[in-house]
1. Just need a number here: residues in the range B:71-103 that are more than 15 Å from residue B:8 (Cα to Cα) and either outside the structural domain of residue B:296 (by TED's automatic domain parsing) or in contact with a helix residue (DSSP H, G or I) (Cβ under 7 Å, 6 or more places away or on another chain) (or both).
2. Does residue B:42 satisfy being near the ligand (Cβ under 8 Å from one of its atoms) and at pLDDT 95 or above?
3. Scan (1) without any contact (Cβ under 8 Å) to a residue 24 or more places away in the chain; (2) touching a Ser or Thr at 6+ places or on another chain (Cβ under 8 Å) for the single condition residue B:278 breaks and write down its number.
4. Assess whether residue B:335 counts as being within 15 Å of the ligand (Cβ to nearest atom), at pLDDT 95 or above and polar (S, T, N, Q).
5. Just to be sure I understand, how many residues within the range B:112-125 are over 18 Å from residue B:150 (Cβ atoms), in contact (Cβ under 8 Å) with a residue 12 or more places away in the chain and either in a loop (DSSP other than H, G, I, E, B) or within 16 Å of the ligand (Cβ to nearest atom) (or both)?
6. Collect the residues in the range B:117-137 that are over 20 Å from residue B:107 (Cα atoms) and hydroxyl-bearing (Ser, Thr, Tyr), keeping them in residue-number order.
7. Could you pull out every one of the strands (runs of 3 or more DSSP E) wholly within the range B:298-404 that has 1 or more residues that are within 11 Å of chain A (Cβ to nearest Cβ) and surrounded by fewer than 23 Cβ atoms within 10 Å (Cβ to Cβ)?
8. Consider residue B:148 carefully, then state whether it is on the phi > 0 side of the Ramachandran plot and at pLDDT 95 or above.
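The values are calculated or read from the model by the stated rules, or taken from the named source; none is laboratory data. Since we're looking at a predicted model, the values are computed, not measured. Cβ placement follows ideal geometry from the backbone for every residue including glycine, while neighbour counts extend to all protein chains displayed. We work out accessible area using only protein heavy atoms, side chains counted, and drop any ligands, DNA or RNA first. Shrake-Rupley method; radii C 1.70, N 1.55, O 1.52, S 1.80 Å.
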Amino acid sequence: MEKSLVINPDKCTGCLQCEMACSYENEGVFNPAKSRIKVFTFHQEGRFVPYTCTQCSEAWCQQACPVDAISLNLVTGAKEVNESSCVGCKVCTISCPFGTINYNQSSGKVIKCDLCGGDPKCASACPTQAITYVDADQTGLDKMRQWATQTDNATSNTASNA
Amino acid sequence: MHYIIIGAGPSGVIASENIRKLDQNAQITLIKGHKEPPYSRMAIPYFLEEKITEDGTHIRHKSNSFNEQGITLVNELVSEVKTKDNTLVLSDGSELVYDKLLVSTGAIATSPPIEGINSNHVYNCWTLEDARNIAKKAIPGSSLVLMGAGFIGCIILESLLKRGVNLTVVEMGDRMVPRMMDESAGGLLKSWCESKGVRILTSEQVISISEAKAKPLQVNLKNSDPLSADLVICATGVKSNTGFLESSDIKLDQGILVNEFLQTNIENVYASGDVAQGLDFSDQSWSIQAIQPTAVEHGRIAAINMVENNSCVHHGSINMNILDTMGLISTSFGQWMGVEGGEESVLLDEQNFRYLNLQFKGEHLVGISSLGHTQHIGVVRGLIRGKVKLGVWKERLMNDPTRLMEAYIANI
Ligand SMILES: Cc1cc2nc3c(=O)[nH]c(=O)nc-3n(C[C@H](O)[C@H](O)[C@H](O)COP(=O)(O)OP(=O)(O)OC[C@H]3O[C@@H](n4cnc5c(N)ncnc54)[C@H](O)[C@@H]3O)c2cc1C
């Protein structure tokens, strides 16, 4: 069974352990600015929302890539960036309607969540289980995926604002 | 069922692969008019700056990728389409019969009708062949004149500089990339380029190109002294590649006319990508956007409609661009120039070359343009395409346009 990240913002305390773990795993430094998961803070409501790629089935980034640099990991279901093919054109960064693939100026390539090859460090670092890695069919990420289809031309263009 | 796709750019490749996914038994033929494997024009700048070799421009890196998918590549130009007999005539005189046809022949570069434009050392920068020729001549210390500071001109500018040439850019309009930037952003981009040693002449025009003594070319300008050059690159415009269709009964305007299924006036003929005059999401006009994201979106939707009998309505593509000019990254999306009765929220920091301009219509974001803002930028597409009602976030964005991502997350 394919697994996926489930994010439950109600449990997030904004401790940023996930960002630290992510940047350390992927960039070798403890630097939230280089994290592929990002916690957004809503001061007015006192809410924290961790946010990263949903590995959406539309794979906007992969479709838009002109040079075959984003591919599907058949084991984890993640869309992964192949550093050696990426030319840094950034077209994927404007194509992804979730804003979850980003340009990294220091490497000249794009970066996105790759589920750490099946052992996502954000989930293991999260002390409150706001981020968990579970069987795909029970994910709360469905909501975000629905969002993806709203952006898809294949469906109705009347978007709700639930 | 035999599907034929004419043109193996991004649109044709995505279409043929999607047809295969939807119909395991179909016969699929992908016709490319060049000897190279299917490649992306978008990768040309990176080839020019030697970040990649030619292989790196290929749309699929595994050499047998098409073979494995049961897609037959044909290496010939199509010279005629006979829709009455469902037949294509190829340039070697042979014929192919289709059940359904997709035309995705892209665009071709054009040149202004000025004296000397056909000289030996004048090139477009549109094909790999062009790029090879440019690479041969754009060597360190050579002088290069780039005609046109539109999107394509600007996107190759950095690669040319990285080749060590002395670069002068001549642009007819009053600013750089007028079709994706307003005066503030275009002006900032120009001063950024000048600070990096590029000479940019705006509101200027090349009136002719003649032979010279010291250098191969003399480029004569309308308002200033002539420039001498080893090489001239002409990036003044493109037009859709429909010449071979003129004898057919497929309806053409600026490109191939299509409906909301990307179907032409001929029932079993579809069109996609730069060659198709498709629907613009923002103003619901039928126009040619000539960008990669639209080309692949068209390709995917056309494929579905060809296999599943018009089951997928195309509600329009959002025009969007991202451009990196020597480290200064600019973007534009949708109706970045604003709409009647709309409102805007603007942040300008000239010293740091940062700019963000959001355009609203009522509670909806309809477009943005930016300089120096790249993180989570794709969410703009989500906000526009999802027609997200911003509610309280409209006011918040009016006060601080940088909070786009929060506005999005708060609304899902
Ligand atoms: C230097 C450069 C940089 C660019 N950068 C960007 C960018 O950063 N972002 C962006 O969005 N867009 C960019 N573009 C534009 C982008 O490349 C095009 O929008 C995209 O290639 C369109 O894809 P397409 O498949 O519709 O057409 P094309 O890529 O033009 O492919 C058409 C194919 O059809 C073939 N063909 C044509 N006529 C025939 C015929 N009669 N018979 C058989 N085959 C034929 C051609 O050989 C070609 O393979 C750039 C273009 C260039 C040149």
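1. The total comes to 4.
2. Numbers: near the ligand (Cβ under 8 Å from one of its atoms): yes; at pLDDT 95 or above: yes.
So residue B:42 fits the description; yes.
3. (1)
4. Working: within 15 Å of the ligand (Cβ to nearest atom): no; at pLDDT 95 or above: yes; polar (S, T, N, Q): yes.
No.
5. 4
6. Result: B:119, single match.
7. Details: elements: B:320-325, B:328-334, B:343-349, B:354-361, B:364-371.
Ranges flagged: B:320-325, B:328-334, B:364-371.
8. Values: on the phi > 0 side of the Ramachandran plot: yes; at pLDDT 95 or above: yes.
Criteria met by residue B:148.
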